[in-house]
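The structure appears right after this line, and notes come after that.
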Amino acid sequence: MNNFIEKQDNEIYDAIKGEEKRQADGLELIPSENYVSRAVLEANGTVFTNKYSEGYPGRRYYGGQDFTDEIENIARDRACKLFNCKFANVQPHSGAPANVATYFALLEPGDTILGMDLSHGGHLTHGSPVTNVTKVFNFVRYGMKDTETGEIDYEQLREVALKEKPKVILAGYSAYSRELDYAKFVEIAKEIGAITVADVAHIAGLIAGGVHKNPFDYGFDVMTTTTHKTLRGPRSGMILIREDEEIAKKIDKTVFPGLQGGPHMAVIAAKAVCFKEALDPSFKVYAQQILKNAKAMEEVLRARGVRMLAGGTSNHLILADVYGSLGLTGKEAQIVLDEVGITLNMNMIADDSRKPMDPSGIRFGTPAITTRGFKEKESTRIAELMLDVLENKDDESKKTEIRRELVALCQKFPIPASFI
Ligand code: DSN
């Protein structure tokens with residue numbers, strides 16, 4: 001597509017080529033990753049990267065905004081249509097800044113947020129002590145009632161809500177494999193007058209594709225998300241507001257000038273393209289297949305006696321207790337799978353006795369392999385090969401054989417777009 005980089009900067013060219021080959025020949029099972037279309041990739045690399053456009057459409061601080069206004073308006077309109085809401089801010093650079101902006105828009109320093117326990121699947125920005133938001137806001141927690149079924153303890157959630165009176169109740173996760181009961185969250189929030197925020201970064205594509213519930217349909221006030229996971233867009237974020245104009249205004253002010261400077265307009269153009277793709281009926285088929293593929297993998301793990309947190313999956317990801325089931329740590333599993341070209345991530349499991357840098361679990365999922373065109377048959381085979389590797393981690397010839405089979409499989413299902 002482009003050889004100017006090669007002529008001008010060999011080191012970077014080689015690294016891009018290397019990454020393209022890694023993505024093409026390897027199996028991407030990190031559940032928060034995906035492959036964008038050629039159209040999204042192209043939009044992401046346009047001259048909009050040259051432009052400053054602080055402010056919002058129709059009220060910018062710099063001149064020359066005819067086309068920036070056009071793409072931002074289109075991106076906002078498409079986002080609202082996709083998620084059935086009235087307002088969208090498409091400027092957050094990613095999911096974490098979207099969450100931080102939302103907290104600052106809705107809360108005063110010292111206020112309380114009730115979010116999912118991190119070890120039960122909540123995200124770092126939902127109150128991990130390593131993040132700076134915990135210096136400003138007070139985080140309290142709910143979790144699963146039963147780690148074998150994944151059922152959320154809504155009674156405990158209600159008790160904490162009544163006791164701590166959080167101003168925001170946060171639903172959402174990055175390592176949980178079931179759906180949430182959004183109506184229950186809204187019911188509890190109403191009792192104490194809290195605002196409901198759903199962080200749907202992981203499942204935005206499942207909601208857009210109609211295979212997961214939309215929190216707005218149950219009365220949630222705000223949703224935050226990334227755009228590069230199941231939604232299959234560029235690496236970025238956004239904030240959606242169901243209908244409250246006051247909240248929308250506060251969020252706009254907090255994103256800019258409160259936290260960010262100039263929006264990344266090339267990325268906003270790419271987001272607009274991604275939203276158009278997600279509005280197409282074919283995206284529904286994609287979202288359905290993500291779930292079918294995850295189920296196919298789940299069946300293999302169950303048949304081979306591997307413990308899955310929450311007992312399996314109802315979304316795009318699986319969290320497996322490899323330490324308890326197979327006697328190797330999450331880190332060992334991640335490393336040995338990397339050797340055969342399967343990329344996933346080690347992950348803490350609920351009530352893990354081990355540490356984050358060497359936990360008991362691995363987390364993997366199907367958004368990226370589904371984009372490549374894998375169906376249940378291939379997903380089943382990948383799960384079998386994964387377990388074969390984990391059960392034979394020191395058998396070099398077996399691993400070589402598996403690597404060969406995986407490369408052949410990947411070559412049959414090319415990634416949708418590369419740059420060079
Ligand atoms: N890093 C993302 C994930 O992998 O889930 C969350 O931000």
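Computed from the coordinates by the stated procedures, all read-outs in this text should not be read as laboratory data. A quick note: this is a predicted structure, and the numbers were derived from the prediction, not measured. Quick reminder, even Gly has a Cβ in these numbers, built from the backbone with ideal geometry, and neighbours come from all protein chains shown.
In whole Å, what is the distance between the alpha-carbon centres of segment 75-153 and segment 357-379?
Measuring centre to centre over Cα atoms gives 24 Å.
Please list the non-local residues whose amide H lies under 5 Å from the amide H of F87, H modeled 1.01 Å from N, same-chain partners needing a gap of 5 or more.
Result for F87 returns I241.
Give me L317, L326 ranked fewest to most by other Cβ atoms within 10 Å of their Cβ, as a rough exposure proxy.
L326, L317
Say the dipole of segment 7-108 comes from +1 at the beta carbon of Lys and Arg and -1 at that of Asp and Glu; which of G18, S37, P57 then lies farthest toward its positive end?
P57
Can you pull out the GluC sites (Glu not before Pro) in segment 236-338 that DSSP calls coil and that have at most 15 other Cβ atoms within 10 Å?
Here the sparse-neighbourhood loop sites are E243.
Where both residues lie in the chain, what percent of DSSP beta bridges are antiparallel, nearest 5? Can you show the working numbers first?
Details: 22 of 39 bridges.
Rounded to the nearest five, the antiparallel share is 55 percent.
Which net charge results for the neighbourhood of E72, defined as the other residues with beta-carbon distances under 13 angstrom from its beta-carbon, given Lys and Arg at +1 and Asp and Glu at -1?
Within the 13 Å Cβ shell, the charges total 0.
Net charge near N138, counting Lys/Arg +1 and Asp/Glu -1 over other residues with Cβ under 14 Å of its Cβ?
Summing Lys and Arg as +1 and Asp and Glu as -1 gives +2.
So what is the relative contact order of the chain, in percent, for Cα pairs below 8 Å that sit 6 or more residues apart?
RCO, the chain: 24 percent.
Return H126, H316 ranked ascending by Cβ neighbour count within 10 Å, so the fewest neighbours appear first.
Sorted ascending by nearby Cβ count, the order is H126, H316.
How do T371, T102 rank when sorted from fewest to most other Cβ atoms within 10 Å of their own Cβ?
T371, T102
With only Lys, Arg, Asp and Glu charged, each at its Cβ (+1 for the first two, -1 for the last two), find how big the charge dipole of segment 80-228 is about the Cα centre; round to the nearest 20 debye.
420 debye
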